[in-house]
Amino acid sequence: MSGNMWMVRAGRDARFIEGFLKKNIIAIGWETKDLSVLNSQEEVKEAIIEAYPNDKKGKIAISVGQVSRFRFDFARGDKVITSDPNIRSYHVGEIIGDYEFNEKLTQKHFRKVKWIGTVSRDDLSTSTKNTLGAISTIFNVGEYAADEIIKVLKGEKKKVEDAKDQEEELDSIKDDMIAKAQEFIKDKILSLDWDEMQELVAGVLRAMGYKTRVSPPGADRGRDIQASPDGLGLEEPRIFVEVKHRLGQIGAPAIRSFTGGLRQGNKGLYVSTGGFSKDAKYEAERSTIPVTLIDADELGMLIVQYYDSFDSDTRTLIPLVKIYWPA
C-alpha cells in the first residue's frame with residue numbers, strides 16, 4: 001500500500017464515532033488554539049503548555065507528538081482507520097481535506113475524510129489486532145497491518161491461522177509485554193534513593209518468609225540488612241545483606257571484603273543495582289560462604305514473583321498493578 005495509514009480514535013470508548021461517520025471527518029479534541037497558524041512542533045508544544053499548564057512533562061510530550069502528527073504529517077490520500085468497539089470493527093477512510101479548525105465543535109481540530117469501508121476485527125490476524133490495540137489516540141499502523149486491512153477490505157481472505165500459529169503469536173506478544181513491564185519496573189527501582197532501596201530489599205526478604213533487621217544510617221560493617229526465620233539470627237539460615245545502589249559494577253575486591261566478614265553458617269546476599277563485574281561473579285562462586293549476587297534485573301523478577309506477599313510499606317515503594325492475559 002502506498003502512503004500512510006493512521007489510526008485516529010474517536011474519543012474514549014469511541015463516543016464520537018457517529019459524528020466521524022455522519023460528518024465524514026476525523027477529529028481530535030485537544031483544547032488548543034487554531035493549529036493552522038503554527039508552523040513547527042515547537043510551536044505546537046508551546047500551544048499545548050498554554051492550554052494544559054498543569055500537565056506533567058511526559059503527558060505534554062505525548063500530546064505534542066500526536067497533535068503534531070495530525071497537523072503536519074497527515075496528508076491528502078493517506079488512509080485512516082478508526083475503531084468502533086460496539087460492532088467490533090474498524091472503519092477505513094481516505095483523507096481528502098487539509099487541517100481545519102472550528103471553535104464551536106467539541107473536537108475542534110478536524111480533516112475531511114471519504115469513508116470507504118468497514119473491516120471486522122475477527123477477519124484480521126493476531127499480529128494486526130495487536131497493532132491496532134495500541135492505546136494512543138493517533139499512531140501510524142505500519143505497512144504490514146495496513147496492507148492486510150486493505151486486502152480484507154477488498155474481499156481477499158486472510159491467511160487462516162491455525163491454533164498453533166495463533167498461540168505462538170500470542171506468546172510472542174505476551175513475552176514482549178512482560179519484557180517492557182520488567183524494564184519499567186527496573187526504572188522504578190533505579191529511581192529510589194538509597195534508604196528506599198534498602199527498605200525494598202528488606203521487604204522482598206519479608207515477602208519470602210524471613211524477618212528482617214535493617215541497619216540504621218552509618219557504618220554497618222557490610223551488613224545493611226540481617227534476615228532470618230526468627231528475626232534474631234538464632235535460627236538458620238542467617239542471611240547478611242549488603243545493598244549498593246549506584247551506577248557502575250561492583251568488582252571482586254568488594255565481594256572479598258563482604259565475604260571476609262561472614263562466618264560459617266552465615267549466608268550472604270549482595271544486591272547491586274549497577275551489576276557485577278565478571279571477576280566479582282567469580283569471587284562469589286569460589287567463596288566458601290554461600291553468596292548470592294542480585295542485580296537490578298534479578299531484583300525486578302523477585303519483586304514480580306513475591307509482590308502478592310509484600311506488606312503495605314514495601315508496596316508503596318514500588319506500586320504495581322496486575323494485568324490479566326488469556327490462558
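For the stretch 1-46, the set of residues classified as among the charged types (D, E, K, R) and closer than 26 Å to GLY133 by Cα consists of ARG9, ARG12, ASP13, ARG15, GLU18, LYS22, LYS23, GLU31, listed by residue number.
May I ask you to say which residue of ASP98, ASP73, ASP84, ASP78 is touching a residue at least 12 places away in the same chain (Cβ under 8 Å), out of contact with any helix residue (DSSP H, G or I) (no Cβ under 8 Å at 6 or more places or on another chain) and surrounded by 16 or more Cβ atoms within 10 Å (Cβ to Cβ)?
ASP78
When the residues of the stretch 177-208 are filtered to those that are among the basic types (Lys, Arg) and touching a Leu at 6+ places or on another chain (Cβ under 9 Å), the one that is surrounded by the most Cβ atoms within 10 Å (Cβ to Cβ) is LYS186.
Here the stretch 265-309 is the region considered, the condition is being part of a strand (DSSP E or B) and among the hydroxyl-bearing types (Ser, Thr, Tyr), and the residue that is farthest from GLY233 (Cα to Cα) is SER272.
Please work out which residue is nearest to the chain's Cα centre (by Cα), limiting yourself to the stretch 282-296 and to residues that are surrounded by fewer than 17 Cβ atoms within 10 Å (Cβ to Cβ) and within 22 Å of GLN198 (Cα to Cα). Looking at the filtered set, the residue picked out is THR292.
This table checks each residue for (1) of a type in the set (D, E, K, R); (2) farther than 18 Å from ILE26 by Cα; (3) in contact with a helix residue (DSSP H, G or I) (Cβ under 7 Å, 6 or more places away or on another chain); (4) at pLDDT 80 or above.
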residue: PHE139; (1), (2), (3), (4): no, no, no, yes
residue: ALA145; (1), (2), (3), (4): no, yes, yes, yes
residue: GLU148; (1), (2), (3), (4): yes, yes, yes, yes
residue: VAL160; (1), (2), (3), (4): no, yes, no, no
residue: LYS164; (1), (2), (3), (4): yes, yes, no, no
residue: GLU167; (1), (2), (3), (4): yes, yes, no, no
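The number of residues in the stretch 284-304 being touching a strand residue (DSSP E or B) at 6+ places or on another chain (Cβ under 7 Å) and not acidic (Asp, Glu) comes to 8. Taken over the stretch 30-40, the criterion of being exposed (fewer than 15 other Cβ atoms within 10 Å of the Cβ) and either outside the structural domain of TYR99 (by TED's automatic domain parsing) or under 22 Å from PHE139 (Cβ atoms) (or both) is satisfied by GLU31, SER40. So, of the residues in the stretch 265-275 that are touching a helix residue (DSSP H, G or I) at 6+ places or on another chain (Cβ under 9 Å) and buried (at least 16 other Cβ atoms within 10 Å of the Cβ), which turns out to be farthest from ASP295 (Cα to Cα)? Per the stated criteria, the residue is GLY268.
Conditions (1) among the β-branched types (Val, Ile, Thr); (2) closer than 15 Å to TRP194 by Cα; (3) at pLDDT 95 or above, marked per residue:
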site: VAL214; (1), (2), (3): yes, yes, no
site: ARG221; (1), (2), (3): no, no, no
site: ASP224; (1), (2), (3): no, yes, no
site: PRO229; (1), (2), (3): no, no, no
site: PRO237; (1), (2), (3): no, no, no
site: ILE250; (1), (2), (3): yes, no, no
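In the set (1) surrounded by 17 or more Cβ atoms within 10 Å (Cβ to Cβ); (2) under 27 Å from the mean Cα position of the chain (by Cα), the condition left unmet by GLY133 is number (1). Can you tell me which residues in the stretch 258-309 are among the small types (Gly, Ala, Ser) and without any contact (Cβ under 8 Å) to a residue 60 or more places away in the chain? Passing the criteria: GLY260, GLY261, GLY265, GLY268, SER272, GLY274, GLY275, SER277, ALA280, ALA284, SER287.
Hey, can you tell me all the residues within the stretch 240-264 that are part of a strand (DSSP E or B) and surrounded by fewer than 22 Cβ atoms within 10 Å (Cβ to Cβ)?
LYS244 - this is the single residue of the stretch 240-264 that is part of a strand (DSSP E or B) and surrounded by fewer than 22 Cβ atoms within 10 Å (Cβ to Cβ).
Consider LEU234 carefully, then state whether it is of a type in the set (A, V, I, L, M, F, W, C) and surrounded by fewer than 15 Cβ atoms within 10 Å (Cβ to Cβ). Yes: the conditions hold for LEU234.
The values are calculated or read from the model by the stated rules, or taken from the named source; none is laboratory data. Note that the structure is a prediction, hence the values are computed from the model and not measured. Cβ atoms come from the backbone with ideal geometry, glycine included; neighbour counts cover every protein chain shown.
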